[in-house]
Each structure stands twice: as structure tokens, then as C-alpha cells.
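Here's the structure we're looking at; comments come further down.
What follows draws every value from the coordinates through simple rules; no lab data is involved. Predicted model only: the values in this text are computed from it and were never measured. Cβ sites come from the backbone with ideal geometry, for glycine too, and all protein chains shown count toward neighbours.
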Amino acid sequence: MLKPNKLANKNFLSSLDITNDEFFHILELAKNFKNKRLNIDLDYKVLGLIFDKASTRTRVSFQVGMSRLGGTTIDLNPTTSQIGRGEPIKDTARVLSRYCDVIAIRTYDHSDLVEYAKWSTKPVINALTNLEHPCQALADFLTIQEEFLDFKDVVLTFIGDGNNVANSLILCGALLGVEVRIACPKGYEPNSLVIKKAYEIYKNKDLLKISNDPNSAVLGANVLYTDVWSSMGEENKKTKKDKCFSGFTIDNDLLSKAEKDAIILHCLPAYRSKEITDEVFESKKNRIFDQAENRLHAQQALLSCLLA
Ligand code: CP
Ligand code: NVA
């Protein structure tokens, strides 16, 4: 088994900041946290949270996770701290490094996260940027592993916007060798550099498919995954996107074309009758709340590695 301290003091800005072995190690630790077979004491370590965007799951799972590990969190609201007044990232990062042991940041531009990490002397975690949502992907693959036991022969189909969540699924798919299909309307494909990187990593290049046809993308799929059509910060694009994404709703018809054992994942929050129908959301195929719970276990595993 990999030694946990391999990840000590490292940043987790991207799914590609960990190796395949480290990914499996985090999943193993997460399962042990979930089954209460692991008792790690973070000994009053402090996690700083900077959320420039709204959050329920990420914020609460980090807070609860840290508290269960014997550590604590401080939530830096940008409107009541000097962050909102425009204090330079390089100053905020150097100051917070003196108080906190690790910092999780949710922001818009990925380059701002990279800037924090450049100036922080403590590990920085990506709690979502416009480019990636790697903490979400840890929980996603934990949920898939719980369902199918291993990733061999699993086909994961993401229907919707080629957004941060889709980008992270692609990168993790490449890292783990899982077949990932993305079906999105023309012009809403995932980030081209992410796709390029993923193809460089995949040993079998056929395992990543980007298309504009949800009907063929779900054939043989074991996991149907979707997310909002308009991400945070895209409120002004909503009307246009709602029109473009017609035909990309996961409904019973689309679900019936997937494998019989197919499960439904959604990172949440969800908009019923947009990316998913209420019927599918509430069906017995739903593993969405296990997935949400797994955010807690996966992030406890991550924190215990970074702070080892
Ligand atoms: N999935 C997710 O990141 O949820 P929150 O926006 O509530 O944190
Ligand atoms: N793609 C969504 C994910 C929310 C958890 C967003 O960025 O708003």
C-alpha cells in the first residue's frame, strides 16, 4: 500500500495532481473512513475555506469532515473579509498560510486558484473552479466503485454541458482507464486542453468519446451522469443554453437505452425538467445522495493525506 505521506503538503488543484496509485489510495482511505475503520487525529489543524461562489455540499462536507478529524475550519466570506475589497491574492495567500494548515478555494478563474497556490506555503485544494471540480470527482468515482466494485468495463456517460464537472470526469477517467463518453450540444464540448491531456494519458484512446448525440452515448452505459446546463457565473447565458440543450434531458426514454444495471449520478444542485426529469431523479437508479455523502469521506481521505 502507498505511504500516505507521498501527498503530504501537496496541492490538489487538478485531478491530475494525483497519480493512479494515489487515487486508489484515497478511495481506499475514504471507504475506511466511511466504515469507521480509520481513526486519524488531525490535532487541531485548521482548514481555511474561501468560497467566491455559493456552496452547500462542498462547504459543509469540508466543515464536518475536518471537525470529525479533530481539526477545525474557518470560513472566509469574501464580502466580510478584505478579499472582497480586492486585496491581491498573493498577499491573502501569504497571510492565510501563517494561520491555516490547508486552504480550500472555490472561485471562478482557475488561474486565480493557481495564483493562490503559487503564494501559499500550505496546501491548496480546488473546491471548484470554472475549469475543474476534482473533489467532486473523487466522490463520484468512490460511488461508482461502491456500485460496480471495480472500474473494469464500466462505461460512464455524461449528458449535458461540457463544464468543470465533465472536465474532471474526463481527467479521472483517463487516470483510471475508465470509458468516459460525453454527449453535449455542438459548441458546448469540454475544454479542448483537457480533452487533449486526457487522450495523452489514456492507454486505449477509444475509451474517451465526445459526441453531440445523447442517444448513442447511452448505449451500453452503466453510469448516467448530468449536471446543470448553466454553471455558476453563467446566469446571463441561461435562456440561450436552455434552448440549445433541448434533447439533452435524462428522461425515462434515454435511461431505457442504457444498461439494465445503470445508475444515475448528479453532483447537485439539480434542476428537474431541465437536465433530468423528476421521475428519473427519484427513481431507484438514483445514487445521487450516496454520491453527496461520499464527498465527506473522500475529502476526509484527501485531507488526511495532504496533512499527513
Ligand atoms: N456538488 C457541489 O459541489 O455542491 P455545492 O455547490 O453545494 O458545494
Ligand atoms: N457545474 C456546476 C457545478 C456545481 C456544483 C457549477 O459550476 O455551477
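Key figures for this structure:
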item	result
Index of the failed condition, residue 98 passing every other in (1) crowded, with 19+ Cβ neighbours inside 10 Å; (2) more than 16 Å from ligand 2 (Cβ to nearest atom)	(1)
Subset tally (residues that are closer than 23 Å to residue 180 by Cβ and more than 24 Å from the chain's Cα centre (by Cα)) for segment 234-253	3
From 276, 250, 201, 288, residue being away from ligand 2 (no atom under 16 Å from the Cβ) and under 19 Å from residue 165 (Cα atoms)	201
Qualifying residue in segment 134-143 (condition: free of Cβ contacts under 8 Å to residues at least 40 places away in the same chain, of a type outside the set (A, V, I, L, M, F, W, C) and either surrounded by fewer than 22 Cβ atoms within 10 Å (Cβ to Cβ) or out of contact with any His (no Cβ under 7 Å at 6 or more places or on another chain) (or both))	no
Search result, residues across segment 33-49 that are in contact (Cβ under 8 Å) with a residue 24 or more places away in the chain, away from ligand 2 (no atom under 16 Å from the Cβ) and either exposed (fewer than 14 other Cβ atoms within 10 Å of the Cβ) or under 21 Å from the mean Cα position of the chain (by Cα) (or both)	33, 34, 41, 43, 44, 47, 48
Residues of segment 1-56 satisfying the condition of being aromatic (Phe, Trp, Tyr) and assigned to a helix (DSSP H, G or I)	23, 24, 33
Extreme residue, surrounded by the fewest Cβ atoms within 10 Å (Cβ to Cβ), among residues of segment 53-93 that are away from ligand 1 (no atom under 16 Å from the Cβ) and of a type in the set (D, E, K, R)	85
Residues that are surrounded by 15 or more Cβ atoms within 10 Å (Cβ to Cβ) and out of contact with any His (no Cβ under 8 Å at 6 or more places or on another chain), drawn from segment 256-270	257, 258, 259, 262, 263, 264, 265, 266, 268, 270
